[in-house]
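Okay, so here's the structure we're looking at.
The values are calculated or read from the model by the stated rules, or taken from the named source; none is laboratory data. Here the structure is a predicted model, which means the values were calculated and not measured. Note that each Cβ is placed from the backbone with ideal geometry, even for glycine, and that neighbours are counted across all protein chains shown.
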Amino acid sequence: MDREGRITLPEAGPLLVSGRSLGDVQRTVQQLMRTQYRDVSADVSLSRLRTVRIYVVGDVAEPGAYDISSLSTPLNALFAAGGLPRAARCGP
């Protein structure tokens, strides 16, 4: 993949994949390859995920900077920071 988020397919040319789901890219690649080749099957996978540095601040067990996967959610970031302190948790 290049810096603009494109992959290049043989005989089909460049395809913008940035911001699209893996399943969507898989379907698009299959369709493009079938226009060029008969009875072809293509598989798409991720070889490397980008990490992002986030800062978790506030009332968490271990505030600070964390490098997490670009596919992570805010809940993953909270977990990386050790969760909420016991006193801040809901319930007994």
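Here are the numbers for this structure:
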| quantity | calculated |
| --- | --- |
| Selected residue (only one of A88, A12, A42, A61 is aliphatic (A, V, I, L, M) and at pLDDT 90 or above) | A61 |
| Output for the stretch 1-36, where each listed residue is assigned to a loop (DSSP other than H, G, I, E, B), touching a Leu at 6+ places or on another chain (Cβ under 9 Å) and surrounded by 12 or more Cβ atoms within 10 Å (Cβ to Cβ) | G5, A12 |
| Conditions (1) of a type in the set (A, V, I, L, M, F, W, C); (2) touching a strand residue (DSSP E or B) at 6+ places or on another chain (Cβ under 8 Å); (3) surrounded by 14 or more Cβ atoms within 10 Å (Cβ to Cβ); (4) part of a loop (DSSP other than H, G, I, E, B); number of the one not met by V60 | (2) |
